[in-house]
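Quick notes on the structure that follows.
Throughout, read-outs are computed from the coordinates displayed, never taken from laboratory work. All of these numbers come straight from a predicted model, not from anything done at the bench. So basically every Cβ, Gly included, is an ideal-geometry build from the backbone, and we count neighbours across all protein chains shown.
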Amino acid sequence: MQLNSCYLDELKALVQKYGHKSFRGNQLYTFFHSSKRTDIENSNIPKDLTEELIKNEKIAHVEILKDYSSKIDETKKLLYVLDDENIIEGSLMKYKYGNSLCISTQVGCRMGCVFCASTKAGLVRNLTAAEMLSQIYTTENKYSIKVSNVILMGSGEPLDNYENVVRFLKIIHSGEGKNLSYRNITLSTCGVAENIYKFADEKIPVTLALSLHNTDNESRSELMPINRKYSIEETLTACKYYTEKTNTRLTVEYTLIKGVNDFEKNLQDLKRLLKGINSHVNLIPLNPIEEYVKARPKNNEIEHFRKKLEDIGLNVTIRRELGADIDASCGQLRRSFKEGNSDKIHSTNQQGIS
Ligand code: SAH
């Protein structure tokens, strides 16, 4: 286990194994998660212990490889590089209430949603807890900012990397670490129902977001293969269980695709499906990718759909589009970069945002 993926208790036990007092574990933990550093040779931990740790243990590093600033808003799209040279992406969005960072949970993804760029080359590997944490820490360090909201909505399916994601959540929330409230974290899932139940029983009250995107099983299965395993009804029952166990509200993500899921029938289905679930619908305009060149509805059509949903009694918001000029949708930037097309995107290397 990488040292910066360890819980405090695990670090305390580890340093004791090396013959040191357990408080050295506390020092290491705060060095990683409060000072947000990884260069333990420069910490106040005894030299013999750091030498042993460096020799025998691993520490994960994540660095910002490139950043791209939107010219239309203050969004930054980030490419991070991992120790094994894999590249992942994230986006930093500035809102009135603070900085929100969208991070990745896997290199690639194996869920196969037809409209999503992240999954086109399959899953490469899971990220460790330290690699998820470090996306936040390196971003905070580089731009001298505080990230106040974290969104697990970059590449990857968080509930397909369950153990590492739960570990990440517990560490980022810990008092000796960043102490981030669970309320300020959103976990977006395509609906791995079995793990939604498991997650509910951990009683970690983040905002769960379900990528629904269609309202009947046949059509949803065409968009999202996971639906062949867990039907819409099974998935929503799991989500309801989560909201009740954690006393939270479900976000239902609905990417509007013209002529696919924007019919009157979809409105009525949504009403029926969401009945009795503490939820709100977040409409996302489709960001077309090469393999899925369906049209996004026009802004007035999206607004019309929103109004109709509201009229039938649902809570609805439209996702504000940020960074539309910098491939800010799931997996698109990493792919452009790997294909050597990212230079068409404006890049600013050192510019801070605050
Ligand atoms: N695997 C998780 C999180 C990553 S995707 C999930 O499925 O929820 C984050 C969100 O972006 C999901 O709602 C996903 O369906 C949506 N998304 C992916 N590609 C998109 C695209 N090209 N246009 C609009 N939304 C997209």
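Overview of results
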read-out	value
Amide hydrogen neighbours beyond the local backbone of residue 256, cut-off 5 Å, H modeled	284, 286
Mean separation of Cα contacts under 8 Å (6+ apart) over length of the range 1-55, as relative contact order %	28
Most fluctuating residue given options 265, 77, 36, as computed from a GNM of the chain linking Cα atoms under 10 Å	265
Fluctuation leader among 48, 262, 39 - the chain, Gaussian network, Cα springs under 10 angstrom	48
Virtual paramagnetic centre 7 Å along Cα→Cβ of residue 291, amide N under 16 Å, in the range 92-118	107-118
Convex hull of Cα atoms in the range 159-294, direction-averaged projection (nm²)	8.7
Fully extended contour minus Cα-Cα distance, from residue 233 to residue 319, at 0.36 nm per residue	28.5 nm
Cα pair distances in the chain, grouped into 20 Å bins until the bin that holds the longest one, percent each	29, 56, 13, 1
Span from the the range 230-265 Cα centroid across to the the range 129-202 one, whole angstrom	21
³J(HN,Hα) computed for each position of the range 145-154 - Karplus, 6.51 cos²θ - 1.76 cosθ + 1.60, integer Hz, glycine/proline x	10, 10, 8, 9, 9, 10, 10, 8, 8, x
Taking 115, 168, 23 and counting other C-beta atoms within 10 Å, the order from fewest to most	23, 115, 168
Net dipole in debye of the range 125-210 [+1 Lys, Arg Cβ; -1 Asp, Glu Cβ; about Cα centre; nearest 20]	300
Top of 247, 282, 227 by mean-square fluctuation, Gaussian network on the chain, Cα under 10 Å	247
Kirkwood hydrodynamic radius of the range 1-49, from inverse mean 1/r over distinct Cα pairs, in Å	10.6
Residue-wise HN-Hα coupling along the range 112-123, computed from phi with Karplus coefficients 6.51, -1.76, 1.60 (Hz; x: Gly, Pro)	x, 4, 5, 8, 10, 6, 5, 9, 5, 9, x, 8
FRET E, pair residue 41, residue 21, Förster distance 22 Å, beta-carbon r, rounded to 0.05	0.65
